[in-house]
Amino acid sequence: MKIDGTHELNAPRERVFALLTDPEVLRRCIPGCESLEKTEENTYAATLKAGVGVVKGTFKGNVKLEDMRAPEHYRLVVDGKGGPGFVKGSGDFDLEEKDGATRIKYAGEMQVGGTIAGIGQRMIQGAAKMMASRFFVALEAEARLSTD
């Protein structure tokens, strides 16, 4: 399943890149993220509560930041398992300066299996888009906090 989109944040590109690669900020912004602990350079163990429809549960897995080219690009690779099944995916984030703001273009692929896969791709895709939207709203709040 593919997911992609763009989002604009009213903050300079260097600041947005720093926020997107800060594990504490990511923990606060990722919907349902309970913990994000560093295990090695740019690699984190994560615990996330998530669900689609009536299928909900806790996932434990790894988050890795790769191909980092500050402040313009990085790749996020995730994998996790839990009661509802498994999720694996990766996404590229490209940041473009635009009149003092930053345009984030993201594109990735995700695989799900187990009980959660039985929900159907449309519902999963809808939930993924909703989570992305909530993530960017929280990130925008973080950007505002850091400039006040």
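The values are calculated or read from the model by the stated rules, or taken from the named source; none is laboratory data. Model, not experiment: these values are computed from the prediction. Because the Cβ atoms are built from the backbone with ideal geometry, glycine has one as well, and the counts that use them run over all protein chains shown. Accessible surface areas use protein heavy atoms only, side chains included; no ligands, DNA or RNA. Shrake-Rupley method; radii C 1.70, N 1.55, O 1.52, S 1.80 Å.
Observations on the model:
- Picking from residues in the range 25-38 that are more than 15 Å from G82 (Cβ to Cβ) and open to solvent by 80 Å² or more (accessible area, probe 1.4 Å), the one that is nearest to the chain's Cα centre (by Cα) is R28.
- Residue in the range 116-148 that is nearest to V16 (Cα to Cα), counting only those that are surrounded by 14 or more Cβ atoms within 10 Å (Cβ to Cβ) and β-branched (V, I, T): I124
- Applying a threshold of 9 Å to beta carbon distances and a minimum spacing of six or more residues, or different chains, the list of pairs starting in the range 96-110 at a residue that is under 16 Å from L19 (Cβ atoms) and of a type in the set (F, W, Y) and ending at one that is in a strand (DSSP E or B) and open to solvent by less than 50 Å² (accessible area, probe 1.4 Å) reads Y106/I3; Y106/G5; Y106/L76; Y106/G91; Y106/D92; Y106/F93.
- Residue check for A45: open to solvent by 20 Å² or more (accessible area, probe 1.4 Å), within 23 Å of E140 (Cα to Cα), at pLDDT 95 or above and of a type outside the set (D, E, K, R): no
- Inside the range 12-24, residues that are open to solvent by less than 50 Å² (accessible area, probe 1.4 Å) and in a helix (DSSP H, G or I) make up a count of 6.
- Screening the candidates K81, K60 for the property of being open to solvent by 80 Å² or more (accessible area, probe 1.4 Å), modelled with pLDDT of 95 or more and either polar (S, T, N, Q) or within 18 Å of P31 (Cβ to Cβ) (or both) yields one hit, K60.
- Selection of the range 100-115 for residues being out of contact with any helix residue (DSSP H, G or I) (no Cβ under 8 Å at 6 or more places or on another chain) and either surrounded by fewer than 19 Cβ atoms within 10 Å (Cβ to Cβ) or β-branched (V, I, T) (or both) yields G100, A101, R103, K105, A107, E109, Q111, G113, G114, T115.
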